[in-house]
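One structure below.
The values are calculated or read from the model by the stated rules, or taken from the named source; none is laboratory data. All of these numbers come straight from a predicted model, not from anything done at the bench. Don't worry about glycine lacking a Cβ; one is built from the backbone with ideal geometry, like all the others, and counts go over all protein chains shown. Just so you know, the surface numbers come from the protein's heavy atoms only, side chains and all, with ligands and any DNA or RNA stripped out. Shrake-Rupley method; radii C 1.70, N 1.55, O 1.52, S 1.80 Å.
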Amino acid sequence: MRAGVRDEEHGPGSGVGAPVRRVLGRETLLVLALSLGASAVSALISFAGSLTRPGGLKDQAARLNGSYAPDRPWLDLAWQLFGIATALVPVLLVAHLLTREGPDRPAGGAAGGPGLGGIGFDLRRPWSDLGRGAVVAAGIGGSGLLLYLGARASGFNLTVVPESLPQVWWKIPVLIASAVQNSVVEEVIVVGYLLRRLDQLGWSPASALAASSLLRGTYHLYQGIGGFVGNVVMGVIFVWLYRRWGRVGPLVAAHALIDIVAFVGYALLAGRVGWLPTG
């Protein structure tokens, strides 16, 4: 028994007492408010703006990885690196919060133990994580592209412009770094951390899966209905795989590979192939 929490306070299946659940609930809301929860609200506002703007969704563009100072490459690079670094701060916060649990705290979720290692974000199985991630990326990436093209052609999606950076020497490295940053933030927070906390709060596996998947879909809603649906489906698959494998490492690898192909592929192919919308 931990200090300040009586055994009889433990709810069925929650693993923690009521006072601890309240603290964990507030903590979870704050982490999301500082990261992907805020992104979800922003995406909802952006989508509302797109729906009320004259013209169809496919005639509008959702632009990613844009330039901050196109006429000053070194300043632009500084802003790019600053944005990537600060976006990772919520992951460091999650690492700190999970490390504070200590070995005597109930783990919940598919993995156990304190820190990011408890959710399977470590270097214990790098080749296994990369191999599994590559297989997942191959399956989701191709089907995701087809879904996007179909949704855009049907008028349910904006034209996604993955990058609009100037032709500078650091363009491809920054796109790769941005892809890795996206994958780390999303999979650590919306899968590993969120599922761990929801398990500790007594949520059923089905409810936790729905919450994680719908959150993922919502913060992609700025892309349109296709972006929402595709990412909800991806969220369901990723939660199922996390429950099966107990590691977010393969999911980070898969997401990074998907985004790298999307960002770098667009940079290389935009304007050179007729099937790729350019906005």
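Selection within region 152-169: residues that are under 12 Å from S67 (Cα atoms) and of a type in the set (A, V, I, L, M, F, W, C). The member of this set that is most open to solvent (accessible area, probe 1.4 Å) is V168.
Screening the candidates G265, G271, G249, G279 for the property of being buried (at least 21 other Cβ atoms within 10 Å of the Cβ) and of a type in the set (G, A, S) yields one hit, G249.
Against the test of being surrounded by 12 or more Cβ atoms within 10 Å (Cβ to Cβ), closer than 26 Å to L30 by Cα, out of contact with any Leu (no Cβ under 8 Å at 6 or more places or on another chain) and hydroxyl-bearing (S, T, Y), the options S46, S42 yield a single qualifying residue, S42. Checking each residue in region 163-196 for being closer than 27 Å to P277 by Cα and among the hydrophobic types (A, V, I, L, M, F, W, C) picks out L165, V168, W169, W170, I172, V174, L175, I176, A177, A179, V180.
Whenever a residue of region 50-79 is without any contact (Cβ under 8 Å) to a residue 40 or more places away in the chain, its partners that are of a type in the set (D, E), lying with C-beta atoms within less than 6 angstrom and at least six residues away or across chains, give the pairs Y68/D76; A69/D76.
Those helices (runs of 4 or more DSSP H) of region 178-262 in which at least 3 residues are closer than 20 Å to V94 by Cβ, of a type in the set (G, A, S) and modelled with pLDDT of 95 or more, considering only elements entirely within it, cover 205-218. When restricted to residues that are closer than 30 Å to F228 by Cα and assigned to a loop (DSSP other than H, G, I, E, B), region 50-72 contains 9. Filtered by the rule that a residue be in contact with a strand residue (DSSP E or B) (Cβ under 6 Å, 6 or more places away or on another chain) and of a type in the set (A, V, I, L, M, F, W, C), region 158-185 gives L158, V160, V161. For region 96-114, residues that are at pLDDT 90 or above and either open to solvent by less than 20 Å² (accessible area, probe 1.4 Å) or assigned to a loop (DSSP other than H, G, I, E, B) (or both) total 1. When we screen L81, L75, L93 for residues that are under 23 Å from V239 (Cβ atoms), modelled with pLDDT of 90 or more and not in a loop (DSSP other than H, G, I, E, B), the only hit is L93. Filtering region 12-49 to residues that are without any contact (Cβ under 8 Å) to a residue 60 or more places away in the chain and assigned to a loop (DSSP other than H, G, I, E, B) leaves only L34. Scanning region 148-164 for residues that are under 20 Å from L257 (Cα atoms) and not β-branched (V, I, T) yields Y148, L149, P162, E163, S164.
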